[in-house]
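Undergrad: Here's a structure for you.
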Protein chains: 2
Amino acid sequence: MPEKESSVPPDAPTRRGLLGLVGAGVAGLAIGGVGGAGIASVLAKGAAADDAAADSDDGIVTFYGAHQAGITTPAQDRLHFASFRMVEGATRDDLIALFKDWTAAAAKLTRGEELGSGLEPDNSYLPPDDTGEAEGLHAGHLTLTFGLGHALFVGEDGTTDPFGIKHQLPKQFEPLPNFAFDLLEGTQSGGDLCVQACADDPQIAVHAIRNLSRIAIGRAHLVWSQLGFGRTSSTSRSQDTPRNLFGFKDGTMNIMSEETKALSQHVWVGDNAPEWLRGGSYLVARKILMTLESWDRSSLREQERVFGRTKRSGAPLSGGAEFDQPDFSAQQQSGDPAIDVAAHVRLAHPDNNEGTRILRRGYNFVDGSNPLGQMGGGLFFISFQSDPAAFVRVQKSLKPDLLNEYIRHVGSGLWAVPGGVKKGEFLAQALFE
Amino acid sequence: MPEKESSVPPDAPTRRGLLGLVGAGVAGLAIGGVGGAGIASVLAKGAAADDAAADSDDGIVTFYGAHQAGITTPAQDRLHFASFRMVEGATRDDLIALFKDWTAAAAKLTRGEELGSGLEPDNSYLPPDDTGEAEGLHAGHLTLTFGLGHALFVGEDGTTDPFGIKHQLPKQFEPLPNFAFDLLEGTQSGGDLCVQACADDPQIAVHAIRNLSRIAIGRAHLVWSQLGFGRTSSTSRSQDTPRNLFGFKDGTMNIMSEETKALSQHVWVGDNAPEWLRGGSYLVARKILMTLESWDRSSLREQERVFGRTKRSGAPLSGGAEFDQPDFSAQQQSGDPAIDVAAHVRLAHPDNNEGTRILRRGYNFVDGSNPLGQMGGGLFFISFQSDPAAFVRVQKSLKPDLLNEYIRHVGSGLWAVPGGVKKGEFLAQALFE
């Protein structure tokens, strides 16, 4: 570890991140990663990251802050994502009470504390308040990020106002359009509320979703949920670049928590939004099945052509190293473009999307296998952006993407993520004021 | 870490196990765990464990040995379990070739090495030999444990000999009978071959199953698979006791890798078996759904009565600490037994099963949620025993188990696990000699 930079607070980058950096990322950094900055400089930048991302050795990521945690927080390795629907006949008071209860529970869960009276109620003829399976596992960098669906504001048919918050609906918040390769299943799409639980240990994330689900009883119920086991993006320069199930490095060009200016521009909702959403964001989730067996039969040449990057190092096919900018005008000896006109890296690049960037925070998943004996796996894509239109723009650009041959979008959701919660207040409190 | 015991080899217990011991298990040990032995003594015992369980700081668990790894190996945290069926018309030569190919691949995978020509085939018009998603993740204590199903010996209808190995079928190897609470689904049961992949990182386990599945193409195909995220048993005294999704400590009375004599008696198949099975075992897998929402509504008193143990410490309701033997004759003040006559701990105990013990190695799972909005989670039970009759005896004893109110068995399988592979030989080689 670098000793030179004494201004770096000891709690700036996570232990995990540091290990990743030292273990795997040093060569890449030396060649030209993060714009040629040295390691000490990277760590110093890490220290300037968002409040919610602040972290310490006890594995606790603070729940309270200007923004919700779980967005710029260095991406934890495990996910349990859940979607909830308000029960028939639930009232505004029910919604407020739910948000108050979830806020109190989230603050405890993210500190690794037992809920309520814990494993042992005062009266043993009562159920325990905490289901107990995370007992002894500590906080594990658990973050809980809450989002509100479109129907919460205007009802399922878009014409009602079930909770008296219709006037708080931002005009940007429109349901996602249909995209060319959508094969969406209702059982894995939408919902009035979402909770993204990320942690180092899946048992911690599962415990959080399970207990939030219990707390919601009579007001909201779980409609679908998804486990993810391997992050497919880094959100901090202190992290190494992970691989997706196609075996390629993913998230190389992600917005990092150190890019304060880019976060303000592309991720955080600004001051002209309703108060409850300021400092918040929009969360898009897409369950993307990968036809892994077809992919695995394709040649290295085809795979690299699809992504526009090399498989081993993740460098653009125009040359250089992983973190170098792709040169879309570069040509092969044959005169063909070095990066195919329909390569993923080209179509998704800000240069092809009027400068649009989104913060990705997806996870690999495998749900077992399908009746054809194929692995039912893929990418549970999650992105955060200050305007849903940003995702729509990029996704439309991907229509000719070579990758579409190997993927199917089967689930989708869009939620508005309120700003961070201040101590003493509750989630989205300004929505009701 | 204890400094006194200089005779302990540095590579005896895993780093993870040690951390668990120091972080969570010391109090329990001091009170009476592992028969009152001190930590140094535990570590020394750990060093005497099975070859296959031998481990070093590089995260490599040796594939070769007297027994297959993944049985007494300190239980890793993550599982990907897969079942395969031989394709229609596959021959004896196909089966032999598959076992040779799987053996070579398993040796490489467990060392964290890329398969074949790795990510980059010599000719880029070919697919890469290795799918690549575990690149950079190292060995991660991956173990691969292979098993052979009954139908492999006698065909699906029990009357044929598709691979010329019918004469090698041990007489103990009969399909499991139906049990009282079975609600088995064919899509999660049985199979000609099974592979249990355990590792520290699920991406490593998934990568292994995926690549073994690729290698099997044209000879065997995946029929079902299951991910597990939290181990529910310890298999070494160096590990802390984990919790199942009912929030209770599980595996307290498991056979530990340090119990060499008990392993010989209850886990390893002895010398009167066909040569290919000597030093092997029988693997039972049961996919057990838990009705978590019902459980969570039951009182602490009910939950503890069901298990016969306290929720927080795992101590038997007859008193003492977690590792103390339950006293089944102990009474409450009311005169009722302290441990209910139908408590799980009583019915599963060797005293109630003619001394039968099995080595458990199960995992928690959550597959998302079901159409009722309930979490589709539970226990993927795995046990190893020297005779399938041992599992059958215990499972039959559990018929009146209070736990049956809260669980459903939906998947089942039984496989014979050949002995360990010697260097230069291949899996189950003696089967074909």
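The values are calculated or read from the model by the stated rules, or taken from the named source; none is laboratory data. All values reported here derive from a predicted model rather than from experimental measurement. Neighbour counts are summed over all protein chains in view; Cβ atoms, including those assigned to glycine, are modelled from backbone coordinates with ideal geometry.
Undergrad: Looking only at region A:319-363, which residues are among the polar types (S, T, N, Q) and within 15 Å of A:His266 (Cα to Cα)?
TA: Scanning region A:319-363 gives A:Asn353, A:Thr356.
Undergrad: Show me the helices (runs of 4 or more DSSP H) found entirely inside region B:256-370 where at least 1 residues are in contact with a strand residue (DSSP E or B) (Cβ under 7 Å, 6 or more places away or on another chain).
TA: B:260-266, B:292-297, B:344-348
Quick grid of which residues meet (1) buried (at least 24 other Cβ atoms within 10 Å of the Cβ); (2) over 21 Å from A:Ala416 (Cα atoms); (3) touching a His at 6+ places or on another chain (Cβ under 8 Å):
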{"position": "A:Phe173", "(1), (2), (3)": "no, no, yes"}
{"position": "A:Ala180", "(1), (2), (3)": "no, yes, no"}
{"position": "A:Gln188", "(1), (2), (3)": "no, no, no"}
{"position": "A:Ile209", "(1), (2), (3)": "yes, no, yes"}
{"position": "A:Ile217", "(1), (2), (3)": "no, yes, no"}
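Undergrad: Quick one: would you say A:Val284 is modelled with pLDDT of 95 or more and under 26 Å from A:Arg231 (Cα atoms)?
TA: Here the answer is yes, as A:Val284 does meet what is asked.
Undergrad: What number goes with the only condition from (1) buried (at least 17 other Cβ atoms within 10 Å of the Cβ); (2) within 14 Å of another protein chain (Cβ to nearest Cβ) that A:Arg297 does not pass?
TA: (1)
Undergrad: Taking region B:240-268 as the search range and keeping residues that are without any contact (Cβ under 8 Å) to a residue 24 or more places away in the chain and surrounded by fewer than 24 Cβ atoms within 10 Å (Cβ to Cβ), which one is nearest to the other protein chains (Cβ to nearest Cβ)?
TA: Restricting to residues being without any contact (Cβ under 8 Å) to a residue 24 or more places away in the chain and surrounded by fewer than 24 Cβ atoms within 10 Å (Cβ to Cβ), the top hit is B:Glu259.
Undergrad: Given the structure, is A:Gly230 within 19 Å of the chain's Cα centre (by Cα), crowded, with 24+ Cβ neighbours inside 10 Å and within 8 Å of chain B (Cβ to nearest Cβ)?
TA: Considered against the rule, which asks whether it is within 19 Å of the chain's Cα centre (by Cα), crowded, with 24+ Cβ neighbours inside 10 Å and within 8 Å of chain B (Cβ to nearest Cβ), A:Gly230 comes out as yes.
Undergrad: Only residues in region B:127-145 that are under 10 Å from B:Ile204 (Cβ atoms) count as the first member; pair them with residues that are among the hydroxyl-bearing types (Ser, Thr, Tyr), Cβ under 6 angstrom, at least 6 apart or cross-chain, and list the lot.
TA: Here the result reads B:Leu142/B:Thr110, each pair linking region B:127-145 to a residue that is among the hydroxyl-bearing types (Ser, Thr, Tyr).
Undergrad: To continue, here is another question. Residue check: is B:Ala273 over 18 Å from B:Leu347 (Cα atoms) and either touching a residue at least 24 places away in the same chain (Cβ under 8 Å) or crowded, with 20+ Cβ neighbours inside 10 Å (or both)?
TA: yes
For every residue, the table says whether it meets (1) of a type in the set (A, V, I, L, M); (2) assigned to a helix (DSSP H, G or I); (3) closer than 28 Å to B:Thr232 by Cβ.
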site: B:Asp94; (1), (2), (3): no, yes, no
site: B:Asp101; (1), (2), (3): no, yes, no
site: B:Gly118; (1), (2), (3): no, no, no
site: B:Pro128; (1), (2), (3): no, no, no
site: B:Gly147; (1), (2), (3): no, no, yes
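Undergrad: For the subset of region A:338-389 comprising residues that are more than 23 Å from A:Arg305 (Cβ to Cβ) and aromatic (Phe, Trp, Tyr), which member is surrounded by the fewest Cβ atoms within 10 Å (Cβ to Cβ)?
TA: If we take residues in region A:338-389 being more than 23 Å from A:Arg305 (Cβ to Cβ) and aromatic (Phe, Trp, Tyr), then A:Phe380 is surrounded by the fewest Cβ atoms within 10 Å (Cβ to Cβ).
Undergrad: If A:Arg237 satisfies all but one of (1) more than 8 Å from chain B (Cβ to nearest Cβ); (2) modelled with pLDDT of 95 or more; (3) crowded, with 24+ Cβ neighbours inside 10 Å, what's the number of the condition it fails?
TA: (2)
Undergrad: From the list B:Phe163, B:Phe153, pick out the single residue that is buried (at least 20 other Cβ atoms within 10 Å of the Cβ) and free of Cβ contacts under 8 Å to residues at least 24 places away in the same chain.
TA: Residue meeting the stated conditions: B:Phe153.
Undergrad: Filtering region B:368-391 down to residues that are modelled with pLDDT of 95 or more and within 14 Å of another protein chain (Cβ to nearest Cβ), which residue is nearest to the chain's Cα centre (by Cα)?
TA: Within region B:368-391, the match that is nearest to the chain's Cα centre (by Cα) is B:Phe380.
Undergrad: Which residues, taken from region B:115-128, are more than 8 Å from every other protein chain (Cβ to nearest Cβ) and either under 23 Å from the mean Cα position of the chain (by Cα) or surrounded by 19 or more Cβ atoms within 10 Å (Cβ to Cβ) (or both)?
TA: B:Leu115
Undergrad: Within the group A:Arg210, A:Arg214, which residue is within 12 Å of chain B (Cβ to nearest Cβ), farther than 23 Å from A:Ile71 by Cα and either of a type in the set (Lys, Arg) or assigned to a loop (DSSP other than H, G, I, E, B) (or both)?
TA: Residue meeting the stated conditions: A:Arg214.
Undergrad: Restricting attention to region B:352-367, and to residues there that are under 19 Å from B:Leu283 (Cα atoms) and touching a Phe, Trp or Tyr at 6+ places or on another chain (Cβ under 8 Å), which single residue is nearest to the other protein chains (Cβ to nearest Cβ)?
TA: B:Asn364
Undergrad: A further question on this structure: Starting from region A:396-411, keep only residues that are part of a loop (DSSP other than H, G, I, E, B), then list their pairs with residues that are surrounded by fewer than 17 Cβ atoms within 10 Å (Cβ to Cβ) whose Cβ atoms are within a distance under 6 Å, requiring at least 6 positions of separation or different chains.
TA: Pairs that qualify, where the first residue is part of a loop (DSSP other than H, G, I, E, B) and the partner is surrounded by fewer than 17 Cβ atoms within 10 Å (Cβ to Cβ), are A:Lys399/A:Ala180.
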